[in-house]
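**Student:** Quick one: the structure is below, questions incoming.
Read the figures in this text as sums done on the coordinates, not as results from a lab. For clarity, every value in this text was computed on a predicted model and none was experimentally measured.
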Amino acid sequence: MPLPCVADYNAVRCRATAKHSGCQCQNPAAFGMPVCRVHGARRPETVRKGTDHPQYRHGQETLEMKRAHRESSARLRALESLMHMLGMTKAKRTPGRKPDSF
């Protein structure tokens with residue numbers, strides 16, 4: 001049975017459904033949202049991002065930093081293999097996996 005505000009005032013009902021029973025949530029949806037506060041209704045302006053977010057760690061491993069590291073590692077691997085092919089070094093190759101293509 002829905003909550004009184006849903007039944008009496010024609011409020012929008014939460015769209016979330018239970019995995020086990022498949023029943024729809026009985027709570028009213030939050031204002032301007034398809035789901036209720038229990039199922040994660042949050043306005044975009046209230047969501048904290050970046051350093052304000054509680055799970056923010058350090059920002060040192062961004063996607064851009066990972067891409068730059070991958071590209072510089074690929075250039076170093078190519079340079080190392082070229083030096084070995086030309087016989088410019090007697091050192092052992094760098095240990096670790098090396099991709100087939102750069």
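**Student:** Using a Gaussian network model on the chain with a 10 Å cutoff between Cα atoms, which of ALA41, ALA78, ALA91 fluctuates the most?
**Tutor:** Evaluated over the chain, the most mobile residue of the options is ALA91.
**Student:** Angle between the Cα long axis of helix 63-86 and the longest principal axis of the chain, 0 to 90 degrees, nearest 10?
**Tutor:** Roughly 20 degrees between the two axes.
**Student:** How many lysine pairs in the chain, separated by 8 or more positions in sequence or lying on different chains, have Cα atoms less than 28 Å apart? Before the final figure, lay out the partial values.
**Tutor:** Numbers: LYS49/LYS66; LYS66/LYS92; LYS66/LYS98; LYS90/LYS98.
So the count of such lysine pairs works out to 4.
**Student:** What length, rounded to one decimal in nm, is gained on full extension from PHE31 through to THR17, with 0.36 nm per residue of separation minus their alpha-carbon distance?
**Tutor:** Numbers: separation 14, 0.36 × 14 = 5.04 nm, distance 1.87 nm.
3.2 nm is the gain from fully extending PHE31 to THR17.
**Student:** I've got another one for you. With semi-axes √(5λ) of the Cα gyration tensor in Å as the read-out, I listed [x] 24, 15, 12; [y] 27, 13, 11; [z] 58, 17, 10; which label goes with the value calculated from this structure?
**Tutor:** [z]
**Student:** Same structure, new question: At 0.36 nm per residue, and after removing the present C-alpha to C-alpha distance, how many nm does the segment from HIS84 to ARG97 gain when stretched out fully?
**Tutor:** Working: separation 13, 0.36 × 13 = 4.68 nm, distance 1.68 nm.
My answer for the length gained is 3.0 nm.
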